[in-house]
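Below: one structure, written as C-alpha cells.
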Amino acid sequence: ERRERERKLSKEMAEKATRELEKMQLQEKAKVKYKEWLKKKRAEESEKKKKEKEKEKERQAELQEKKERSEKIFKEWLHNARNKARPVLNGYGYPHGKSTGLYFY
C-alpha cells in the first residue's frame, strides 16, 4: 500500500512536472509570437509615417507650384493692366470736357 501510494505520488509529480513544462513552453511560444507581432506592427507604423511624410511633401510641392503659377499670372495681369486703354473721362457727349451738343441740359 505504501509503495502504491509512493508510485501514485511519483506519477502525480511527473504529470505535474510535464504540465508545468508544457505551460512554460506555451508561454515561450506566446512571447516569441508577441515579439514577432510587435516587430511587424512597428514596421507597419514606420511605413505609414513614411508614406504620410511623402504625401505631405507632395502636398507642399503642389501648393508651392500653385503659388508660383498664381504669382506669374498676377504679374502678367498687372503688366497687361498697365498697357490697357483707359476709359474716357466725362463721357456721354462730353469728350475732353466739352459738350457735343447731344446730351447737354
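A short reminder: the numbers here are calculations on the coordinates, not readings from a lab. Since this is a predicted model, take the numbers as computed values, not measurements.
Worth pointing out:
- Of all lysines in the structure, the ones whose alpha carbon falls short of 22 Å from that of residue 75, not counting any fewer than 8 places away in one chain, are 66, 67, 84.
- Straight Cα distances below 20 angstrom link residue 40 to the aspartates and glutamates 28, 52, with same-chain residues fewer than 8 positions distant left out.
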